[in-house]
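Student: Got a structure here, written out as structure tokens. Questions coming.
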Amino acid sequence: MPFRHVYSGIFLLESVIAGVVFGLVLAAMAAVMLVSWRKRRRGAPAARREHLRLLEAAFGLALAVMAAFLVVVSFSANGQDFPRQDPKPTMRVQVTAFQWCWRFRYVGQPVTVTGSCADGDYPVLVLPAGRPVEIDLTSVDVVHAFWVPYLDYKMDAFPGHVDRFIVTLPRDGRWIGRCAQLCGLYHYEMDFYLQVVPQAQFGRWLHARAGTAAVSGR
Amino acid sequence: MTAEPVVTAAPGQEETDGLVVWLQTTDHKRIGILTLGAAFVLFLFDGMLGLTMRAQLARPGQHILSAQQYNQVFTIHGTGMIGLAITPFALGLGVYLIPLQVGAPRIAAPRVTLLGYWCYVLGAVTLVWAFLTPGGAAAGWWGYTPLSSSIYSPGPGMSLWVAGVFLAASGMILQGATVLWTILRMRAPGVTMLRIPVFAWTMVVTCLMTLASFPSLLTAMGVITAARIDPGLLASNAWNLAYENLFWFYGHPVVYVMFFPFVGCVAEVLAVFSGRRFFNYTGTAFSLLAFAALSMAVWGHHLFISGQQVNDYFSLTSILLTIPAGMEYFGLLGTIAGGRLRYPTAMLFALAFIPQFLIGGLTGIMLGTPSVDYAVNNSYFVVAHFHYTLFAGSVFGFFAGVYFWWPKATGFLLDERAGRLHFVLMVIGANVTYLPMFGLGIKGMPRWVVTYPAGAGFSALSLISSIGAGVIGLAMMAFLYNIYISARQKKPATADPWGGHSLEWLTSSPPPRFNYDAQFPIPRIRSFTPALDLRERQRERQRVTPSQRAGRPVTDTVTTDTRAYRDEG
């Protein structure tokens, strides 16, 4: 899963650039006010230059270089997020959003996990660590979005359309997931958990879960 | 001398006062004041809805409003602020100021402008009506399908919302069209396109974007209408995707419609109170045009997370906006650099605009990068970003304009002490409210949540943000108090209380019915700062031949009138 890694790098880079620009503008304003104060004390008039062509051109050029740099950074990050050759997924999970909860169907296994998202009944998306998993994301009613803040990634779930992406989760853990598209009354409760477990444990979980598949789901 | 205080309206206006007369006026100044006044009332209403939301979110797990009510409140807050408050502020300022600034006796097609006002007011009434129906409209200001269809949003509220948005947007199209027409075709002799004030240039691009993008919103409302008649349409992904694209084809340019006129206000205020002409005028004018053109090609960055958009193209166009935006900042900073700054309230708002909008602008560039957008889109990071642009930016620019042009429109000055209080509360309120939201977004707090559990880690920052919102409420009260005491004091304004640069400062305050007359004629126009040119010529004449001081009497308003409000420089 490259998203988290790519994001943290680019977010830091862009935050630093933004911070420097912001600091420079603040410093420029402070300097301007100081100069103006001294000017007034000396009784000097305001400057009259309306243009400094060379400076204007240089500034425009600097902006263009900056923009070009940011475009290259953005393109390369997007390229890393969506590599031309995705790793071949070893399993698929159909993630279906509905008003107002989630359904996770493990393709090829008699296992479906769901819940009501009310009163703490949040479904858990269990995935194995270290294996590329394809998520097939769709919705049965309105537009929702699948968001795991820990992964720094979200994707809309449209009715009548399947968005596919591949995640490889490097380590075990349990994180909250949320709906990130206004979907109506209980949007704010439409949470789930992403739980990543070692591969062997995942196999045992899948097996145990298959026995109860008939009663799970709605 | 003609620059004596002119408190009463010009002859011929007093006897025609009265609500009915106002509501059928063809005077662009009155239509402008009506538009701005209605927008300000709705601004306060939508602001109170915002405060209600902040009250709910101040502590975890609160249910002051039910989930349905909360969704209605943010839907009307967003739709109202954008469609009924800030956009009409933008175009209303244009309706009032543009004929004055280009030396026209009236606005082009005044009845169309008035019709635009009426469509807007009807739209506003319809939207408030939608809010008051049981169930209301609760699909957010985007009104995404299929949520807004009759299956998922049954009842009249959503239908009224569609009608209200349609009407208000139609009204803005009409006003934008007549303002643009006035600038392009009704300029006084000598006022070439490169001699209109910077504010007028910002209105040119604002109207161009309005005309180019608002029809797309009307079409989008057509899609919802069709979907409310036949919800089966939306089973096809194409319709939902079409709606999102149509909506954002309006929804992004409208962001700049709600931005540029206020940049124009800031530019005028900075130049006047720096005592020098706006710096890099031509560069700014062309960068505005470039910005407007590019703004039509960036809407797709709202759809990065749809998974059905061309990421690289829209990232490219969005990031390229930094070039014209940077050039505009260059003009603003270049204007104050080397100036002799004075600090009346208008100037304070204009100066605060520069760094505060910058926060919104810089985070906007970050959101133009898909890899960042995937992480923080639809979180409070975005809420912080656009409130920095719209509130800490545009609304500050708007108040700079209000304090600046209020004496022109009313004939009396706003109180400076109350103005300062208003300003300080605004700065504190805006930053305390919106800065914590960046943190909430990074921590993973989604938009549109009715409440959040105590253990989610959002409690402290949310509380700080809510306290800030309360301070914004106090700031608005300070402004209302200012209007109240200023109207009681009626400290008369001269024709030019600030030492203005553009044409409108050469006519009376308030201006006569047809803006310029025998008593207040339009001088020969040689640049985009005719009022300043005139003062400088006068000074020159006085210096060269003091005995020949005859001719048109113009005082050096910089030295005489600054006494009126206390110059701190």
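The values are calculated or read from the model by the stated rules, or taken from the named source; none is laboratory data. Computed from a predicted model, the values in this text were never measured in an experiment. In this analysis, Cβ positions are derived from the backbone assuming ideal geometry, glycine residues included, and neighbour counts consider all displayed protein chains. Only protein heavy atoms, including side chains, enter the accessible area calculation; ligands, DNA and RNA are left aside. Shrake-Rupley method; radii C 1.70, N 1.55, O 1.52, S 1.80 Å.
Student: In region B:37-75, what residues are assigned to a helix (DSSP H, G or I) and within 14 Å of another protein chain (Cβ to nearest Cβ)?
Tutor: B:M53, B:Q56, B:L57, B:A67, B:Q68, B:Q69, B:Y70, B:N71, B:Q72, B:V73, B:F74, B:T75
Student: Related question: Pairs, please: C-beta under 9 Å, at least 6 apart or cross-chain, first residue more than 8 Å from every other protein chain (Cβ to nearest Cβ) and within 17 Å of B:F330 (Cβ to Cβ) and in region A:13-25, second surrounded by 17 or more Cβ atoms within 10 Å (Cβ to Cβ) and β-branched (V, I, T)?
Tutor: Here the result reads none, with nothing in region A:13-25 linked to a residue that is surrounded by 17 or more Cβ atoms within 10 Å (Cβ to Cβ) and β-branched (V, I, T).
Student: Related question: Might you let me know whether region B:307-322 holds any residue that is facing another protein chain (nearest Cβ under 9 Å), open to solvent by less than 10 Å² (accessible area, probe 1.4 Å) and touching a His at 6+ places or on another chain (Cβ under 8 Å)?
Tutor: Scanning region B:307-322 turns up at least one residue that is facing another protein chain (nearest Cβ under 9 Å), open to solvent by less than 10 Å² (accessible area, probe 1.4 Å) and touching a His at 6+ places or on another chain (Cβ under 8 Å).
Student: Out of region B:115-152, which residues are crowded, with 24+ Cβ neighbours inside 10 Å and among the polar types (S, T, N, Q)?
Tutor: Result: B:T145, B:S148, B:S149.
Student: Restricting the search to region A:60-72, which residues are within 7 Å of another protein chain (Cβ to nearest Cβ) and either open to solvent by less than 60 Å² (accessible area, probe 1.4 Å) or under 28 Å from B:Y343 (Cα atoms) (or both)?
Tutor: A:G60, A:L63, A:A64, A:A67, A:L70, A:V71
Student: In addition: Can you tell me which residues in region A:127-144 are β-branched (V, I, T), more than 10 Å from chain B (Cβ to nearest Cβ) and buried (at least 18 other Cβ atoms within 10 Å of the Cβ)?
Tutor: Result: A:V133, A:I135.
Student: Continuing with the same structure: Considering only residues of region B:224-247 that are away from every other protein chain (no Cβ under 14 Å) and hydrophobic (A, V, I, L, M, F, W, C), which is farthest from B:I82 (Cα to Cα)?
Tutor: Selected residue: B:I229.
Student: B:L332 is checked against (1) within 11 Å of chain A (Cβ to nearest Cβ); (2) under 30 Å from B:G140 (Cβ atoms); (3) surrounded by 23 or more Cβ atoms within 10 Å (Cβ to Cβ) and fails just one. What number does that condition carry?
Tutor: All conditions are met except number (2).
Student: Continuing with this model, one more query. Does A:A31 qualify as being part of a helix (DSSP H, G or I) and either more than 8 Å from chain B (Cβ to nearest Cβ) or open to solvent by 30 Å² or more (accessible area, probe 1.4 Å) (or both)?
Tutor: The answer is yes for A:A31.
Student: Please list, ordered by first then second residue, the pairs with beta carbon atoms under 6 Å, 6 or more apart or interchain, first in region B:259-287 and more than 14 Å from every other protein chain (Cβ to nearest Cβ), second among the β-branched types (V, I, T).
Tutor: Within 6 Å, the pairs are B:F260/B:T202; B:F260/B:V205; B:F260/B:T206; B:P261/B:T202; B:P261/B:T206; B:V263/B:T202; B:G264/B:V198; B:G264/B:T202.
Student: Further question: For region B:486-522, how many residues are within 15 Å of B:I98 (Cα to Cα) and assigned to a helix (DSSP H, G or I)?
Tutor: Number satisfying all stated conditions: 4.
Student: Looking at B:H385 and the list (1) of a type outside the set (A, V, I, L, M); (2) open to solvent by less than 10 Å² (accessible area, probe 1.4 Å); (3) part of a helix (DSSP H, G or I), which single condition is not satisfied?
Tutor: (2)
Student: Pick from region A:88-126 the residues that are surrounded by fewer than 20 Cβ atoms within 10 Å (Cβ to Cβ) and among the aliphatic types (A, V, I, L, M): which of them is nearest to A:W147 (Cα to Cα)?
Tutor: Checking each candidate, the answer is A:V124.
Student: Residues in region B:282-306 that are crowded, with 19+ Cβ neighbours inside 10 Å, more than 15 Å from B:H252 (Cβ to Cβ) and more than 21 Å from the chain's Cα centre (by Cα): how many?
Tutor: 2
Student: Identify the single condition in (1) modelled with pLDDT of 95 or more; (2) open to solvent by less than 40 Å² (accessible area, probe 1.4 Å); (3) at the interface with another protein chain (Cβ under 7 Å from one of its Cβ atoms) that B:G338 does not satisfy, given that it satisfies every other one.
Tutor: Of (1) modelled with pLDDT of 95 or more; (2) open to solvent by less than 40 Å² (accessible area, probe 1.4 Å); (3) at the interface with another protein chain (Cβ under 7 Å from one of its Cβ atoms), only one is false for B:G338: (1).
Student: From the list B:G473, B:G429, pick out the single residue that is open to solvent by less than 10 Å² (accessible area, probe 1.4 Å), out of contact with any Ser or Thr (no Cβ under 9 Å at 6 or more places or on another chain), touching a residue at least 12 places away in the same chain (Cβ under 8 Å) and not in a loop (DSSP other than H, G, I, E, B).
Tutor: Answer to the selection: B:G429.
Student: Would a scan of region B:110-118 turn up a residue that is closer than 15 Å to B:W181 by Cβ and assigned to a loop (DSSP other than H, G, I, E, B)?
Tutor: No, the conditions are met nowhere in region B:110-118.
Student: Moving to a separate point now. Being in contact with a helix residue (DSSP H, G or I) (Cβ under 9 Å, 6 or more places away or on another chain), open to solvent by 10 Å² or more (accessible area, probe 1.4 Å) and touching a residue at least 60 places away in the same chain (Cβ under 8 Å) is true for just one of B:S466, B:S379. Which residue is that?
Tutor: Only one candidate passes the filter, namely B:S466.
Student: Quick one: is A:R40 within 9 Å of chain B (Cβ to nearest Cβ), modelled with pLDDT under 95 and more than 19 Å from A:I135 (Cα to Cα)?
Tutor: Spelling it out, A:R40 is indeed within 9 Å of chain B (Cβ to nearest Cβ), modelled with pLDDT under 95 and more than 19 Å from A:I135 (Cα to Cα).
Student: A further question follows. Go through (1) more than 8 Å from chain B (Cβ to nearest Cβ); (2) part of a loop (DSSP other than H, G, I, E, B) and name the single condition A:R49 misses.
Tutor: So A:R49 meets the others, but not (1).
Student: Take the residues in region A:175-190 that are of a type in the set (A, V, I, L, M, F, W, C) and in a loop (DSSP other than H, G, I, E, B); name whichever of them is farthest from the other protein chains (Cβ to nearest Cβ).
Tutor: Within region A:175-190, the match that is farthest from the other protein chains (Cβ to nearest Cβ) is A:M190.
Student: From the list A:T112, A:T96, which one is assigned to a strand (DSSP E or B), modelled with pLDDT under 95, of a type outside the set (G, A, S) and in the same structural domain as A:W175 (by TED's automatic domain parsing)?
Tutor: Step by step, each of A:T112, A:T96 is checked, and only A:T112 is assigned to a strand (DSSP E or B), modelled with pLDDT under 95, of a type outside the set (G, A, S) and in the same structural domain as A:W175 (by TED's automatic domain parsing).
Student: Return the pair list, or none, for Cβ contacts closer than 6 Å from residues in region B:41-64 that are buried (at least 18 other Cβ atoms within 10 Å of the Cβ) to residues that are among the polar types (S, T, N, Q), at least 6 apart or on different chains.
Tutor: Listed pairs, sorted by first residue: B:R54/B:S466; B:Q56/B:Q62; B:L57/B:S462; B:A58/B:S466.
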